[in-house]
1. Could you give the dipole magnitude of region 60-108 about its Cα centre, charging the beta-carbon of Lys and Arg +1 and that of Asp and Glu -1, in debye to the nearest 20?
2. Using a basic spin-label model with each label point 7 Å from the Cα along Cα→Cβ, how many nm lie between PHE58 and VAL46?
3. Would you mind putting 78-86, 11-19, 97-105 in packing order, based on average other-beta-carbon counts within 10 Å, highest first?
4. For region 1-91, what percent of Cα pairs sit more than 23 Å apart?
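What follows is calculated from the coordinates using simple rules that are stated; it is not laboratory data. Model, not experiment: these values are computed from the prediction. Neighbour counts run over all protein chains shown; Cβ positions are idealised from the backbone, glycine included.
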Amino acid sequence: SPERFERDISAARTFGFLREVHALWDAGFARGGSLDNTVVLDDEKVVNPEGLRWPDEFVRHKVLDLCGDLALLGLPVCGRVRVERGGHEMHQRLVSAILTNPDAWTIGGASAARALEATLWSGDAVRT
């Protein structure tokens, strides 16, 4: 439910390693990163003074990543998705496979069909 997503998933922070911060910055990445929106780890522990928001915050962030990547479909997914050791690359391959295999899924309702058709023909669909 939207309430459960807001309560249990949406505040999960991305995470990264302290030893990689300068390389990311030098490459132009993570410019908006801070201890408020990122869990930073050194070689032994979480660096953030307040620690984790939940004991499984890393897993919750992976769920958040999956939700964001599936949102690229342009329509809600009514089904079950199981991911092990997922990441953006894997999720984007899934989105691409869904979009390129229209016989493998159905859309409920005419407005949803028009929305997907617009996404497919706009050139914005993810291709890998």
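1. That gives a dipole near 200 debye.
2. Label at PHE58, label at VAL46, 1.1 nm between them.
3. Going by the mean number of other Cβ atoms within 10 Å, highest first, we get 11-19, 97-105, 78-86.
4. 31 percent
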